[in-house]
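The values are calculated or read from the model by the stated rules, or taken from the named source; none is laboratory data. These figures come from a predicted structure and were not determined experimentally. Positions of Cβ are backbone-derived with ideal geometry, glycine not excepted, and every protein chain shown enters the neighbour counts. Heavy atoms of the whole protein, side chains included, go into the accessibility calculation; ligands, DNA and RNA do not. Shrake-Rupley method; radii C 1.70, N 1.55, O 1.52, S 1.80 Å.
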Amino acid sequence: MNLMTSLSHLFIGGTTGKWRVERISTLTGSALSPVPRLAVFDGGQSSLPEDSVWLLRGVTSYERYVSRIERSALVAQQPAMGRSNATRAALIPIKKSMTWWELTQDERRMIFEERSHHITIGLRYLPAIARRLYHSHDLGEPFDFLTWFEYAPADAEVFEELVGTLRETEEWTYVEREIDIRLIVADYL
């Protein structure tokens, strides 16, 4: 499934789905219920699987904090979603504090890139790690962002380095809830 074909996406935790859940770690805030599988659907899904335990919704949107040069670099290096060798994934839902949302757009940009270097850090890990951001804040969802990553098993350590580096930045001081869900394609072992 190409995660870039629809604006709206559903991430459904339950007992069915392409992705087997290896672990769910609560880094800060309240936990999500444990589930064995994750299904990912575009927003046109008319019915939910009966086994659904939780549902997270997000939409792709315009890129809020990137400059033209940064966007061009991301587009040039970003690999496609759904690559056959990308049998590992991570879904990391994040909720930021009200203090973050009370900042102006330029203040958030200053923290996001000028001080935390979020895009610069991310570029170092492309094309090994494919990523996509889904916005949920304006949908009234429990998380503000759903971050989706896909990578090959050989790049698992590189992915750990990426998320570890980002979590050490000033930007992460505004995170009040974060869940780290690690996944593997269910029929891959």
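Quick check: at a probe of 1.4 Å, how many percent of the accessible area of region 130-189 sits on carbon and sulfur atoms? Working shown, then result.
Details: 1270 of 2550 Å².
C and S fraction of accessible area: 50 percent.
For the chain, what D do you get in µm² per second when you plug the Kirkwood radius from alpha-carbon pairs into Stokes-Einstein at 25 °C and 0.890 mPa s? Please list the in-between numbers first.
Numbers: Rh = 17.1 Å.
It diffuses with D of about 144 µm²/s by this estimate.
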Along the charge dipole of the chain, pointing to its positive end and built from +1/-1 on Cβ of Lys, Arg, Asp and Glu, which listed residue (8, 119, 104) has its Cα farthest out? 8
Using θ = phi - 60° and Karplus 6.51 cos²θ - 1.76 cosθ + 1.60, couplings along region 159-173 (whole Hz; Gly, Pro as x): 5, 4, 5, 4, 5, x, 5, 5, 5, 8, 8, 4, 3, 6, 5
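Find how much the distance from residue 98 to residue 187 grows on full extension, using 0.36 nm per residue of separation minus their present alpha carbon separation; answer in nm with one decimal. Kindly include the intermediate steps, with their values, before the conclusion.
Details: separation 89, 0.36 × 89 = 32.04 nm, distance 4.08 nm.
Taking residue 98 through residue 187 to full extension adds about 28.0 nm, to one decimal.
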Per residue of the chain, what 222 nm ellipticity follows from adding -39500 (n - 2.57) for every DSSP H run with n ≥ 4, rounded to the nearest 500? -5500 deg cm²/dmol
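Loop-only GluC sites (Glu not before Pro) in region 90-176, please: DSSP not H, G, I, E or B, and at most 12 other Cβ atoms within 10 Å. Write down the numbers at each step before the final one.
Working: sites: 102, 107, 113, 114, 150, 157, 160, 161, 168, 170, 171, 176; in loops: 168.
Taking region 90-176 and a limit of 12 other Cβ atoms within 10 Å, the loop GluC sites (Glu not before Pro) found are 168.
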antiparallel share of DSSP beta bridges within region 52-175, to nearest 5, in %, is 100
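How large is the dipole of the chain about the Cα centre if only Lys and Arg carry +1 and Asp and Glu carry -1, each at its Cβ, rounded to the nearest 20 debye?
Numbers: 21 positive and 26 negative charges, 77 e Å.
Dipole size: approximately 380 debye.
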Could you work out how much longer the chain between residue 107 and residue 169 gets when fully extended? Use 0.36 nm per residue separation minus the Cα distance between them, nm to one decimal. 20.8 nm
Where a label projected 7 Å from the Cα of residue 158 along Cα→Cβ would reach, residues of region 108-135 with amide N under 13 Å: 122-131
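Can you check what the net charge comes to around residue 21, using other residues whose Cβ is under 10 Å from the Cβ of residue 21 (Lys, Arg +1; Asp, Glu -1)? Walk me through the numbers before you get to the answer.
Details: positive: 20, 23, 37, 182; negative: 22.
For residues surrounding residue 21, the net value is +3.
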Excluding ligands, DNA and RNA, what is the solvent-accessible area per residue of the chain at a probe of 1.4 Å, expressed in Å²? 50
